[in-house]
Amino acid sequence: MTQTPILVLLLLALSSAAFYFGRKRAFQVAGGQIRKLHSLPGYYGLYVAIWAALPALLVLGVWLSMEGSLITQMVVSTLPASVQDLGPDKLNLVVNDIRNLVVGNIVSGTPDAAMQAAADRYRELQSISKLALFGVTLAVAAIAGWLAFSRIAPHHRARNGVERIVMYVLIACSLVAILTTVGIVLSVLFESIRFFRAVPVSEFLFGLDWSPQIAMRADQAGSSGAFGAVPLFAGTLLITLIAMIIAVPIGLMSAFYLAEYASRRVRAIAKPLLEVLAGIPTVVYGFFAALTVAPFIRDSGSILGLDVASESALAAGLVMGVMIIPFVSSLSDDVINAVPQSLRDGAYGMGATRSETVRQVIFPAALPGIVGAILLAVSRAIGETMIVVMAAGLAANLTANPLEAVTTVTVQIVTLLVGDQEFDSPKTLAAFALGLMLFLVTLVLNVLALHIVRKYREQYD
Amino acid sequence: MTNPTSPAAPGQSRGERNFARVQAGMKKRRAAETRFRLYGMIAVGLGLSFLLVLMFSIVSKGYSAFLQTYVRLDVPLLEEVIDPEQTRQLDTLRSADYGALVKQNLRDMFPEVTGRRDKFALYNLVSNGAGFDIRDRVLANPDLIGTTLSIWVAADDDVDMLLKGHIERTGPEADRRIKDNQLAWIDKLNAEGRLEKRFNVAFFSNGDSRDPELSGIRGALMGTIFTLIVTLSLSFPLGVAAAVYLEEFAPKNRWTDLIEVNINNLAAVPSIVFGLLGLAVFINFFELPRSAPLVGGLVLTLMTLPTIIIAGRAALKSVPPSIREAALGIGASPMQAMLYHVLPLALPGMLTGTIIGMAQALGETAPLLMIGMVAFIADVPQGIFDPSTALPVQIYLWADSPERAYVERTSAAIMILLAFLALMNTVAVLLRKRFEQRW
């Protein structure tokens with residue numbers, strides 16, 4: 001790996017040199033009279049520099065990403081047939097051993113002659129690949145650079161060439177967003193399909209029992225593992241509901257107060273302070289929920305004679321609600337401010353009081369936007385992870401009692417995927433199926449909310 | 001019209017009756033008005049008081065972690081323990097049993113202690129790291145060997161908690177972390193002036209540890225810094241380039257619409273889903289190292305990219321078209337007008353958006369859990385390929401630890417995290433104020 005940076009530096013140096021010579025060449029072909037050139041001399045330099053660096057860097061990237069698997073394949077094909085017939089799992093172990101031999105790590109078991117030979121072959125291929133990589137990239141850089149250099153002429157449209165490449169780079173950068181979505185969909189979808197091969201979709205969606213433990217031995221008690229996700233959905237909904245009961249009234253009322261009543265000074269202080277609540281990392285809320293709020297609720301519950309679980313849904317929901325307040329308030333604030341002043345003036349002119357104007361004119365006018373804001377807040381609450389991981393329970397309880405411990409989709413994803421993993425057990429794959437559900441639900445909510453908000457905005461623009 | 005507030009009496013005209021009715025209604029309406037206003041004030045007050053309670057609870061739990069109880073030991077640096085052959089070789093000095101010196105010293109201070117259990121309880125008063133402190137002093141100056149070294153070493157976390165009043169002195173002995181005989185020893189040390197609360201250096205200079213008194217945030221902080229460096233160096237150029245293309249050059253068609261809807265959606269996808277992506281793609285498919293800041297940075301890049309793109313587009317939009325047109329008018333190509341005239345004017349706004357995105361990334365925990373940055377890692381990472389944790393993940397890990405001393409350390413780590421966030425947001429606000437331009 002140490003030679004890659006050297007190679008990159010070398011290429012950059014080559015490209016800088018190409019810039020210098022390209023620019024010089026441009027002066028030369030123009031005979032010192034720049035106005036004879038199509039583009040500024042710097043563009044000729046850039047043109048050559050880009051052609052010297054870009055193709056070589058692409059080759060380098062492709063090479064590095066393919067190198068490992070290609071070499072492994074070539075080594076595996078030379079292994080004795082008895083090893084090759086082992087099946088993918090065991091073959092993987094053998095390959096791992098060979099790689100360890102190559103690096104000089106400790107190997108499981110004593111290496112036999114075939115393995116040693118394979119390791120030697122691996123090392124040999126690696127060094128060949130390294131040399132070849134050096135040669136090929138430098139050759140590509142030199143050839144492409146030279147070709148670009150030889151095209152320099154007074155009528156050559158260097159600026160257009162450079163700008164076209166820059167444009168492609170810009171397009172590639174904006175495609176990253178698409179690639180991210182595709183990556184998310186593919187990664188959760190593939191693993192989910194594997195999961196649904198082991199567990200039927202209907203059982204996952206409608207089953208009432210969630211205990212994802214897979215037995216180590218066949219005769220172990222409770223060995224089957226149950227993947228009915230309804231308790232998780234119910235738990236998520238319960239906590240989201242509690243959060244919304246806190247966040248919607250407080251958020252909405254503060255938005256109305258700050259937009260319609262508060263003086264400039266109060267608004268300038270209170271609004272940023274409320275938004276601080278949204279900037280606090282969720283892990284901090286989780287700590288607060290688990291160490292301050294949950295014990296407080298449990299203690300006050302026992303004073304009232306109520307039996308409150310120490311990881312009650314109420315504590316997690318309450319704190320999550322606090323976190324969501326600024327979402328509701330600042331999004332609603334935007335839509336309230338977007339309501340045209342003429343509506344307010346009309347209401348005041350008819351003799352309405354402020355609160356009547358708010359309730360009977362502004363609120364109905366802003367309603368679609370407020371609904372959109374609340375939907376976004378719900379999506380946020382459903383996907384929130386750290387608060388529930390730290391303050392909600394792990395056991396899947398199917399209950400509507402906010403004083404009991406419930407678990408959520410995100411909590412289960414975290415508990416299933418943190419720690420030892422093997423990617424062929426339904427236990428780990430279940431996390432991806434849950435991730436798929438989470439992604440789909442939040443996607444629908446977001447699309448709906450954005451659609452509503454956008455449509456609403458157009459109405460008054 | 002003599003007495004407008006009087007209720008409608010018989011014999012009044014119709015106008016008078018109506019007026020009275022309106023007057024009675026007014027009272028109700030004014031009351032409703034006051035009520036509504038009050039609800040609003042209560043709502044704002046509740047929101048602000050939540051913030052206050054949260055901050056107060058964190059600070060009141062955490063401020064004490066910046067001080068740590070230290071014990072003064074006068075340790076005779078016996079040559080026969082450290083370097084019996086008098087070679088003064090670095091290896092010998094390094095591998096000597098300094099812990100034995102500390103134990104010896106404790107036994108000398110309390111000669112009345114006998115029996116394995118009692119001795120063990122005595123040794124437990126001083127941190128396991130005491131030997132290492134002495135080792136460092138000896139390695140720095142080998143001439144100390146043979147003399148008596150007076151050194152302040154960290155006390156055990158239970159002693160620390162006792163002196164800070166977080167552990168009860170009374171109550172049934174079996175339930176207490178500190179037993180009666182230990183209490184007597186601690187009181188004696190205290191009376192001799194050998195216990196002192198000093199600034200907790202270890203908290204800032206050490207990595208994670210199983211011993212609270214030895215654990216620090218340096219490892220997590222370095223991990224966070226490496227992760228953010230990766231994030232920043234990828235997401236800023238990518239975000240700016242994407243924003244420039246989408247705002248300035250993209251044709252209005254179905255494709256660019258798709259990209260736009262996509263970016264808006266990605267901004268609202270739960271962060272844990274990005275973690276799943278990182279796990280499936282970067283770790284399982286590309287086989288990048290687990291727990292490395294590189295992977296964390298990649299995942300956070302994808303997560304913050306929408307924020308930066310949206311902010312970048314807003315910044316580009318706020319540059320007036322006249323600038324663009326002027327550049328085009330004197331013969332610049334669209335790309336030149338963009339690069340040399342519009343982009344420099346939009347850059348402060350883009351930077352503000354980037355800082356806000358970075359602040360988001362700094363506080364993010366869930367996706368890092370997915371890609372294995374939750375392991376117990378005692379070493380301070382040296383680069384983006386080393387296994388590490390991040391500050392928020394460290395908070396999560398400590399919050400789960402049962403020792404009482406971790407509560408204050410967690411809160412202190414939160415205070416540090418919040419301080420960084422406040423700093424970043426202040427910079428963003430100042431930047432916006434400084435470069436805000438009205439055209």
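Key figures
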{"read-out": "Criterion (out of contact with any strand residue (DSSP E or B) (no Cβ under 7 Å at 6 or more places or on another chain), surrounded by fewer than 23 Cβ atoms within 10 Å (Cβ to Cβ), within 24 Å of A:A449 (Cα to Cα) and in contact (Cβ under 8 Å) with a residue 24 or more places away in the chain) met by exactly one of B:I272, B:I356, B:I309", "value": "B:I356"}
{"read-out": "Of the criteria (1) within 11 Å of another protein chain (Cβ to nearest Cβ); (2) touching a residue at least 12 places away in the same chain (Cβ under 8 Å), which one B:L339 fails", "value": "(2)"}
{"read-out": "Residue pairs meeting the criteria (Cβ under 7 Å; at least 6 apart or on separate chains; first more than 7 Å from every other protein chain (Cβ to nearest Cβ) and part of a helix (DSSP H, G or I), in the stretch A:266-291; second surrounded by fewer than 22 Cβ atoms within 10 Å (Cβ to Cβ) and hydroxyl-bearing (S, T, Y))", "value": "A:E275/A:S330"}
{"read-out": "Some residue of the stretch B:179-189 being surrounded by fewer than 21 Cβ atoms within 10 Å (Cβ to Cβ) and outside any helix (DSSP H, G or I)", "value": "yes"}
{"read-out": "Residue count, the stretch B:41-99 (criterion: within 14 Å of another protein chain (Cβ to nearest Cβ) and over 22 Å from B:N128 (Cα atoms))", "value": "22"}
{"read-out": "Residues within the stretch B:390-439 that are part of a loop (DSSP other than H, G, I, E, B) and either under 21 Å from B:L300 (Cβ atoms) or touching a Cys at 6+ places or on another chain (Cβ under 6 Å) (or both), tallied", "value": "1"}
{"read-out": "Number of the condition not met by B:F203 [criteria: (1) surrounded by 20 or more Cβ atoms within 10 Å (Cβ to Cβ); (2) in a loop (DSSP other than H, G, I, E, B); (3) under 29 Å from the mean Cα position of the chain (by Cα)]", "value": "(2)"}
{"read-out": "Qualifying positions in the stretch A:166-217 - under 26 Å from A:S425 (Cα atoms), aliphatic (A, V, I, L, M) and without any contact (Cβ under 8 Å) to a residue 24 or more places away in the chain", "value": "A:V182, A:L186, A:I193, A:V201, A:A215, A:M216"}
{"read-out": "Selection from the stretch B:230-254 of residues that are over 27 Å from the mean Cα position of the chain (by Cα) and either facing chain A (nearest Cβ under 9 Å) or within 14 Å of B:I309 (Cβ to Cβ) (or both)", "value": "B:V240, B:A241, B:A242, B:A243, B:V244, B:Y245, B:L246, B:E247, B:E248, B:F249, B:A250"}
{"read-out": "Members of the stretch B:276-300 that are in contact with a helix residue (DSSP H, G or I) (Cβ under 8 Å, 6 or more places away or on another chain), closer than 23 Å to A:V411 by Cβ and outside any helix (DSSP H, G or I)", "value": "B:R290"}
{"read-out": "Filter result for the condition that a residue is surrounded by 16 or more Cβ atoms within 10 Å (Cβ to Cβ), at pLDDT below 85 and of a type in the set (A, V, I, L, M, F, W, C), over A:I71, A:I50", "value": "A:I71"}
{"read-out": "Tally, over the stretch B:311-321, of residues that are farther than 14 Å from B:F236 by Cβ and of a type outside the set (D, E, K, R)", "value": "6"}
{"read-out": "Any chance A:V335 is at pLDDT below 90 and of a type in the set (A, V, I, L, M)", "value": "yes"}
{"read-out": "Verdict on B:A422 being under 12 Å from the mean Cα position of the chain (by Cα), surrounded by fewer than 21 Cβ atoms within 10 Å (Cβ to Cβ) and farther than 30 Å from B:I178 by Cα", "value": "yes"}
{"read-out": "Residue that is closer than 23 Å to A:A431 by Cβ and either in contact with a Phe, Trp or Tyr (Cβ under 7 Å, 6 or more places away or on another chain) or among the hydroxyl-bearing types (S, T, Y) (or both), where the choices are B:A366, B:A375, B:A399, B:A390", "value": "B:A399"}
{"read-out": "Unmet requirement for B:L46, which otherwise passes all of (1) modelled with pLDDT of 90 or more; (2) more than 39 Å from the chain's Cα centre (by Cα); (3) of a type in the set (A, V, I, L, M)", "value": "(2)"}
{"read-out": "B:A140 being at pLDDT 85 or above and in contact with a strand residue (DSSP E or B) (Cβ under 8 Å, 6 or more places away or on another chain)", "value": "no"}
{"read-out": "Selected residue (criterion: nearest to the other protein chains (Cβ to nearest Cβ)) from residues of the stretch B:353-389 that are small (G, A, S) and part of a loop (DSSP other than H, G, I, E, B)", "value": "B:G372"}
{"read-out": "Selection count, the stretch B:344-388, where residues are under 17 Å from the mean Cα position of the chain (by Cα) and either of a type in the set (D, E, K, R) or closer than 12 Å to B:L228 by Cα (or both)", "value": "9"}
{"read-out": "Candidate set from the stretch A:374-401 (those that are outside any helix (DSSP H, G or I) and under 21 Å from the mean Cα position of the chain (by Cα)); member that is farthest from the other protein chains (Cβ to nearest Cβ)", "value": "A:E384"}
{"read-out": "Residue in the stretch B:91-113 that is among the hydroxyl-bearing types (S, T, Y) and in contact (Cβ under 8 Å) with a residue 12 or more places away in the chain present", "value": "yes"}
{"read-out": "Test for A:S300: is it within 23 Å of B:L48 (Cβ to Cβ), more than 13 Å from every other protein chain (Cβ to nearest Cβ) and free of Cβ contacts under 8 Å to residues at least 60 places away in the same chain", "value": "yes"}
{"read-out": "Meets criteria (crowded, with 23+ Cβ neighbours inside 10 Å, under 20 Å from A:M390 (Cα atoms) and either in contact (Cβ under 8 Å) with a residue 24 or more places away in the chain or at the interface with chain B (Cβ under 9 Å from one of its Cβ atoms) (or both)) for A:V322", "value": "yes"}
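For every residue, the table says whether it meets (1) surrounded by 16 or more Cβ atoms within 10 Å (Cβ to Cβ); (2) part of a helix (DSSP H, G or I); (3) at pLDDT 75 or above.
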{"residue": "A:S82", "(1), (2), (3)": "no, yes, no"}
{"residue": "A:P111", "(1), (2), (3)": "yes, no, no"}
{"residue": "A:L131", "(1), (2), (3)": "no, yes, yes"}
{"residue": "A:R159", "(1), (2), (3)": "yes, yes, yes"}
{"residue": "A:A172", "(1), (2), (3)": "no, yes, yes"}
{"residue": "A:T181", "(1), (2), (3)": "yes, yes, yes"}
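The values are calculated or read from the model by the stated rules, or taken from the named source; none is laboratory data. If you're wondering where the values come from, they're calculated on a predicted model, not measured in any experiment. Heads up, the Cβs are rebuilt from the backbone with ideal geometry, glycines too, and the neighbour counts pull from every protein chain shown.
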